[in-house]
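Heads up: the structure comes next, in structure tokens.
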Amino acid sequence: MKKLKLLVLPLLALSLAACGENEETGGNQQQSGTLDDIVPAEFDFGNFTRAGVLTVLDELQHNTGFSIGFRAATYKDVNAAPTYVSDVVIGGKDGYTWAIETTDGVTKGAATKVEGDQFTFYLYENDAWRIVEYDIATGEDLAKEASDFVTEKVDQLVVKEDYLSKIDFTAASGSTSICSRSCYTFNYKGDYYLSIAIDKVLGVMMSFNVTYVDNIEGKTYGERIDVTSFSVVNIEIPAFPQN
């Protein structure tokens, strides 16, 4: 595998108790101590930035393994069934970060492995992982495709720049619990309607619901993301082939 320049920040990890567990503090014992030793007692909502969330996740990536499942849906009409539904699992451990997505019964995935300045890229096709073997002419496109896929899926759980300016993170509208995690809820009502729930400790977006109104056609459309599972316990690395 030839050396490849960094295409994307080597992402990332989240670390929480699995859905169904009643651990709100996330104090599981890990390789480098408890989660409370790794992350602060509460995310700095007075200075909420995407970079801040990614920094927390990067710390967790280097100290714990993780597996997160979520469902992403888009609606041409929010009063009807979703037009597109995707079930995603992202994970990371021991230098690996992976993402697997199932849509309409079709599963695809990608993964990256970082060892110093060496990068290995994988694609999941036909129910199996394979290493992206590449040359200068074709391989870098495939490697970038794998890297971008993983980044895109992880990025779905971080509030996008477009919405940051709409939300006053110092004034939560309430709180809720998702996957046994305590979250603040935030709402925006203006040129569109936005509701999100963000983990109080990590700043990770645990649910997201946005609705747009087309006043010309009289239709409402939108997007929704819901975290469905969250674990840092006994994480198994997928059966990646060796170089």
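The values are calculated or read from the model by the stated rules, or taken from the named source; none is laboratory data. Computed from a prediction, not measured in an experiment: that's the story for all the values here. All Cβ positions, even for glycine, are placed from backbone atoms using ideal geometry, and neighbour counts span all protein chains on display. To get the accessible areas, we keep the full protein, side chains included, count just its heavy atoms, and leave off ligands, DNA and RNA. Shrake-Rupley method; radii C 1.70, N 1.55, O 1.52, S 1.80 Å.
Quick notes
- Taking the criterion of being farther than 19 Å from PHE66 by Cα and either β-branched (Val, Ile, Thr) or buried (at least 16 other Cβ atoms within 10 Å of the Cβ) (or both), the residues of the stretch 103-120 that qualify are THR103, VAL106, THR107, PHE119, THR120.
- Scanning the stretch 74-94 for residues that are in contact with a helix residue (DSSP H, G or I) (Cβ under 9 Å, 6 or more places away or on another chain) and part of a loop (DSSP other than H, G, I, E, B) returns no hits.
- In the stretch 105-127, the residues that are in contact (Cβ under 8 Å) with a residue 12 or more places away in the chain and outside any strand (DSSP E or B): ASP117, ASP127
- Pairs with Cβ under 9 Å, 6+ apart, first in the stretch 196-212 and touching a residue at least 60 places away in the same chain (Cβ under 8 Å), second in a strand (DSSP E or B) and of a type in the set (S, T, N, Q): ILE198/THR185; ILE198/SER207; ASP199/SER182; LYS200/SER175; LYS200/SER182; VAL201/SER182; THR211/SER195; THR211/THR220
- Just one residue in the set ARG71, ARG130 is part of a strand (DSSP E or B), more than 14 Å from PRO238 (Cβ to Cβ) and open to solvent by 80 Å² or more (accessible area, probe 1.4 Å); that residue is ARG71.
- Checked against (1) in contact with a Leu (Cβ under 7 Å, 6 or more places away or on another chain); (2) of a type outside the set (A, V, I, L, M); (3) open to solvent by 50 Å² or more (accessible area, probe 1.4 Å), THR97 passes all but a single condition, namely (3).
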